[in-house]
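Each remark here refers to the structure printed beneath this line.
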């Protein structure tokens with residue numbers, strides 16, 4: 001039997017050898033780090049026999065796929081422990097998610113945070129037992145018979161939804177068997193370093209009409225050091241929680257009168273407006289024209305655009321003048337109407353419309369999360385209308401803009417995905433193939449590394465997604481470039497070509513910040529509320545030592561304000577030390593404490609956040625210093 005590696009090299013084994021045998025033949029280190037394999041594209045357990053000539057790639061614990069296998073194996077470890085402690089419990093699903101795994105479980109007994117310790121203790125016993133994890137194949141009838149006997153109602157429901165002739169797999173470790181595609185670690189002894197993190201409520205299959213379950217979250221790693229580092233980062237993330245800092249810095253709040261829609265406070269509006277001003281300046285510089293479309297549009301428009309069939313469940317509707325209207329979830333149909341309002345020549349293209357559109361999307365209450373998932377969204381939105389010949393050049397220009405914006409906010413590390421046609425989509429196979437090829441060519445021309453994300457494109461076209469990494473190494477999907485041949489056809493958009501006849505333009509949907517609300521949430525956590533000077537809602541705090549120096553301090557305040565610097569003038573009747581501490585809690589970068597020395601010399605001793613040294617500057621030099629920071633986006 002010949003096993004071909006990704007580099008083209010071939011090794012020969014007897015039929016029935018495994019990926020583990022292959023890894024061991026290459027190096028003992030590789031065998032030790034291996035956790036699973038892909039055999040002819042299919043995921044295999046590391047020690048599952050391979051019967052015929054195959055192409056094999058080894059999956060190690062250090063890869064994303066390897067981490068997924070390790071975490072999914074850990075869900076089974078946790079579920080087995082839960083079943084030992086709560087024998088009547090019924091298991092839902094136990095997938096991996098970003099940052100760990102969870103299992104949805106039904107039990108009459110309430111499982112609280114306080115119970116997680118005893119579940120962990122039981123998991124350690126199972127790990128110490130080092131049960132072999134074995135894979136078995138079942139027919140649908142065999143699987144139904146087994147899980148009905150185990151009273152696993154949710155598993156039975158999942159099996160009933162499978163096609164009649166599909167082979168079903170289950171994994172067994174000790175007394176525990178679970179329905180699962182796999183692959184898994186070879187034995188429970190590999191799972192030694194884990195932590196259960198939280199318990200939350202969830203609905204079976206995410207439907208509020210279904211049974212309420214208890215969701216237990218956890219995380220695990222092959223090495224204790226990795227787990228300790230991850231738990232440390234989770235603690236850091238708690239300190240940086242944008243909901244907590246948003247309250248501390250007086251930026252925003254949420255209220256039951258308008259669920260999942262933020263109320264921006266004065267300091268928050270400074271932050272939001274600073275982001276908006278920056279967005280407008282850089283888009284104008286890159287050739288975009290700002291437009292605005294109405295919040296509410298006739299229902300027929302959303303049938304025409306394709307949103308009705310593909311996005312209706314996330315939309316809000318209203319009725320007046322005996323007509324049905326929808327509150328817009330996106331800006332693209334409105335931009336199509338603007339484009340179609342007048343005739344265009346090929347010489348005008350590309351035409352670039354940009355809008356900070358206020359859109360509304362109905363997110364389920366169970367998934368809303370501070371600024372990260374809201375129903376009222378300020379969308380960084382733009383559409384480029386171009387000729388087919390201009391596609392790749394325009395996508396490259398968008399990517400140049402992406403790089404400039406992200407670098408100004410300190411995001412220089414990001415991953416790129418090319419997402420292809422989803423099951424629910426509009427447009428012909430030919431159009432989709434053409435669009436996917438154009439995006440790939442643009443990425444390659446920029447020399448950008450990317451991965452293919454099969455089936456995750458928008459319903460109207462493929463897309464490029466940018467996943468930025470924050471200070472804690474977490475990944476956030478923000479930017480997106482989506483190529484659309486279908487919507488211009490649906491709206492019968494035309495331009496007059498060089499040949500004098502009418503042609504349909506190509507439409508590029510693109511966002512870089514995504515939702516402004518979400519991006520601000522990311523920025524808060526990325527910087528821990530310590531914003532760079534150019535972006536901070538308050539750049540300088542001025543504190544007069546006493547009423548005697550208030551007039552002079554006010555003159556300094558006014559001078560800074562006239563220079564375009566955002567200032568907080570604190571003349572409250574409080575002790576100076578108290579006001580300094582409060583300024584530090586509000587994370588103000590520069591604090592000017594003004595007393596007799598400052599009045600007499602006009603040289604200020606300036607406290608700089610996170611520095612023990614004081615800056616000594618005149619007012620003019622200090623203003624120049626901050627203006628330079630703002631200009632350079634330091």
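Here are the numbers:
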| read-out | value |
| --- | --- |
| In the stretch 282-319, residue modelled with the lowest pLDDT [restricted to those that are over 27 Å from residue 395 (Cα atoms) and in a loop (DSSP other than H, G, I, E, B)] | 315 |
| Residues satisfying the stated conditions in the stretch 1-24, i.e. outside any loop (DSSP other than H, G, I, E, B), in contact with a strand residue (DSSP E or B) (Cβ under 8 Å, 6 or more places away or on another chain) and surrounded by 14 or more Cβ atoms within 10 Å (Cβ to Cβ) | 3, 4, 11, 19, 20, 22, 23 |
| Residue 407 out of contact with any helix residue (DSSP H, G or I) (no Cβ under 7 Å at 6 or more places or on another chain), part of a loop (DSSP other than H, G, I, E, B) and either at pLDDT below 85 or in the same structural domain as residue 305 (by TED's automatic domain parsing) (or both) | no |
| Any hit, the stretch 620-632, residues being farther than 28 Å from residue 405 by Cβ and either at pLDDT below 90 or surrounded by fewer than 15 Cβ atoms within 10 Å (Cβ to Cβ) (or both) | yes |
| Scope the stretch 152-179; condition modelled with pLDDT of 95 or more and assigned to a loop (DSSP other than H, G, I, E, B); matching residues | 152, 174, 175 |
| Test: residue 207 is at pLDDT below 95 and more than 22 Å from the chain's Cα centre (by Cα) | yes |
| Filter result (assigned to a loop (DSSP other than H, G, I, E, B) and under 33 Å from the mean Cα position of the chain (by Cα)) within the stretch 90-127 | 92, 93, 94, 95, 98, 99, 107, 110, 111, 112 |
| Selected residue [within 31 Å of the chain's Cα centre (by Cα) and either buried (at least 18 other Cβ atoms within 10 Å of the Cβ) or at negative phi (or both)] from 191, 138 | 191 |
| Flag for residue 593 being closer than 30 Å to residue 273 by Cβ, in contact (Cβ under 8 Å) with a residue 60 or more places away in the chain and touching a strand residue (DSSP E or B) at 6+ places or on another chain (Cβ under 7 Å) | no |
| The stretch 430-453, subset without any contact (Cβ under 8 Å) to a residue 12 or more places away in the chain and part of a helix (DSSP H, G or I), residue farthest from residue 395 (Cα to Cα) | 430 |
| Scan of the stretch 325-336 for residues that are modelled with pLDDT of 95 or more and either surrounded by fewer than 21 Cβ atoms within 10 Å (Cβ to Cβ) or not assigned by TED's automatic domain parsing to the domain that holds residue 302 (or both), ordered by number | none |
| In the stretch 131-141, residue farthest from residue 76 (Cα to Cα) [restricted to those that are touching a strand residue (DSSP E or B) at 6+ places or on another chain (Cβ under 8 Å) and either outside any loop (DSSP other than H, G, I, E, B) or not assigned by TED's automatic domain parsing to the domain that holds residue 86 (or both)] | 140 |
| Count of the stretch 548-573 residues which are touching a strand residue (DSSP E or B) at 6+ places or on another chain (Cβ under 6 Å) and either free of Cβ contacts under 8 Å to residues at least 12 places away in the same chain or not assigned by TED's automatic domain parsing to the domain that holds residue 595 (or both) | 1 |
| Residue match in the stretch 27-42 (condition: over 34 Å from the mean Cα position of the chain (by Cα) and farther than 19 Å from residue 222 by Cα) | yes |
| Segments classed as strands (runs of 3 or more DSSP E), wholly inside the stretch 535-633, with at least 1 members that are under 28 Å from residue 524 (Cα atoms) and in contact with a helix residue (DSSP H, G or I) (Cβ under 7 Å, 6 or more places away or on another chain) | 540-544, 567-569, 590-594, 603-608 |
| Residue identified as touching a strand residue (DSSP E or B) at 6+ places or on another chain (Cβ under 8 Å) and over 20 Å from residue 503 (Cβ atoms) among 416, 405, 391, 395 | 416 |
| Some residue of the stretch 377-384 being surrounded by fewer than 18 Cβ atoms within 10 Å (Cβ to Cβ), touching a helix residue (DSSP H, G or I) at 6+ places or on another chain (Cβ under 8 Å) and in contact (Cβ under 8 Å) with a residue 40 or more places away in the chain | no |
| Residue list for the stretch 454-508, restricted to those being more than 18 Å from the chain's Cα centre (by Cα), part of a strand (DSSP E or B) and surrounded by 19 or more Cβ atoms within 10 Å (Cβ to Cβ) | 461, 483, 484, 495, 506, 507, 508 |
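For (1) in the same structural domain as residue 399 (by TED's automatic domain parsing); (2) farther than 30 Å from residue 376 by Cβ; (3) touching a residue at least 24 places away in the same chain (Cβ under 8 Å), each residue gets a yes or a no:
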| site | (1), (2), (3) |
| --- | --- |
| 493 | yes, no, yes |
| 498 | yes, yes, yes |
| 502 | yes, yes, no |
| 505 | yes, yes, yes |
| 513 | yes, no, yes |
| 531 | no, no, yes |
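The values are calculated or read from the model by the stated rules, or taken from the named source; none is laboratory data. Remember, predicted model here, so these are calculated numbers, not experimental data. Positions of Cβ are backbone-derived with ideal geometry, glycine not excepted, and every protein chain shown enters the neighbour counts.
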